[in-house]
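The values are calculated or read from the model by the stated rules, or taken from the named source; none is laboratory data. Just so it is clear, the structure is predicted and the values come from calculations on it, not from any experiment. Backbone-built Cβ (ideal geometry, glycine too); neighbour counts: all protein chains shown. Note: accessible area is taken over every heavy atom of the protein model, side chains too, but ligands, DNA and RNA are not part of it. Shrake-Rupley method; radii C 1.70, N 1.55, O 1.52, S 1.80 Å.
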Amino acid sequence: MSNEKNIKIVLIDDHKLFREGVKRILDFEPSFEVVAEGEDGTDASKLVKEHQPDVVLMDINMPNMNGVQATADLIRFFPETHVIILSIHDDESYVTHALKTGAQGYLLKEMDSDALIEAIKVVSEGGSYLHPKVTHNLVLEYRRLAKENVPSIGDGNIEHHKPLHLLTKRECQVLQLLADGKSNRAVAESLYISEKTVKNHVSNILQKMNCNDRTQAVVSAIKKGWVEVL
């Protein structure tokens with residue numbers, strides 16, 4: 001018998017068919033348990049108080065109260081709540097606003113099931129997770145500001161070099177592909193290795209770079225000139 005702790009999940013989305021689809025995916029994961037569903041941001045606090053979930057999956061666009069407002073309320077009253085925003089918007093302004101409000105994850109609704117499962121596991125343990133496309137867009141915005149020589153961002157004229165003093169050649173390749181916005185599956189396909197091997201490489205990269213998540217690692221790598229972003 002597994003000793004793995006069940007991850008309790010509250011799912012809030014105003015589209016019933018989408019909720020049903022997400023719940024169907026989550027039901028296949030033995031360590032996941034969807035304990036409640038809501039269709040409006042106003043349901044969030046009540047459901048979290050009643051069920052004390054580990055993770056809340058929150059749609060960003062809902063009537064009466066949107067996901068960002070609901071997240072702000074949750075974080076204020078239940079500061080230990082782990083929220084993942086579900087959205088169709090990949091614009092960096094939406095992402096940064098959601099993260100500043102207190103969300104620990106941001107997934108596009110075009111996500112595959114692997115990304116959803118990985119995001120829930122990472123966020124439930126206190127980490128953060130951004131959809132790879134979102135990560136790439138944030139990185140592009142960072143580079144745009146850097147090239148404009150915005151003082152708070154840093155020097156846009158970065159000399160690129162591989163961090164072979166710290167990472168292996170393969171880890172450097174993985175880091176570059178993360179900066180390109182690749183998911184674990186896409187990285188695996190690009191390098192002809194398994195997803196499990198990719199996850200091991202990512203874990204090693206985060207540990208060696210002293211970063212909490214892949215977004216932080218990519219931004220740090222850009223600052224140091226370790227990856228190229230066109």
Among residues of segment 89-106 being open to solvent by less than 10 Å² (accessible area, probe 1.4 Å) and part of a helix (DSSP H, G or I), the residue nearest to ILE60 (Cα to Cα) is ALA98
Contact list, first residue from segment 107-134 and in a loop (DSSP other than H, G, I, E, B), second anywhere and open to solvent by 50 Å² or more (accessible area, probe 1.4 Å), beta-carbon distance below 7 Å, six or more apart or interchain, is LYS109/ILE88; GLY127/ASN212; SER128/ASN212
Residues of segment 23-53 being open to solvent by less than 50 Å² (accessible area, probe 1.4 Å), touching a helix residue (DSSP H, G or I) at 6+ places or on another chain (Cβ under 7 Å) and in a helix (DSSP H, G or I), in sequence order, are GLY41, ALA44, SER45, VAL48
Of the residues in segment 62-88, those that are touching a helix residue (DSSP H, G or I) at 6+ places or on another chain (Cβ under 7 Å) and open to solvent by 60 Å² or more (accessible area, probe 1.4 Å) come to ASN64, GLN69, PHE77
Note on segment 57-88: residues touching a residue at least 40 places away in the same chain (Cβ under 8 Å) and part of a helix (DSSP H, G or I) are GLY67, ALA70
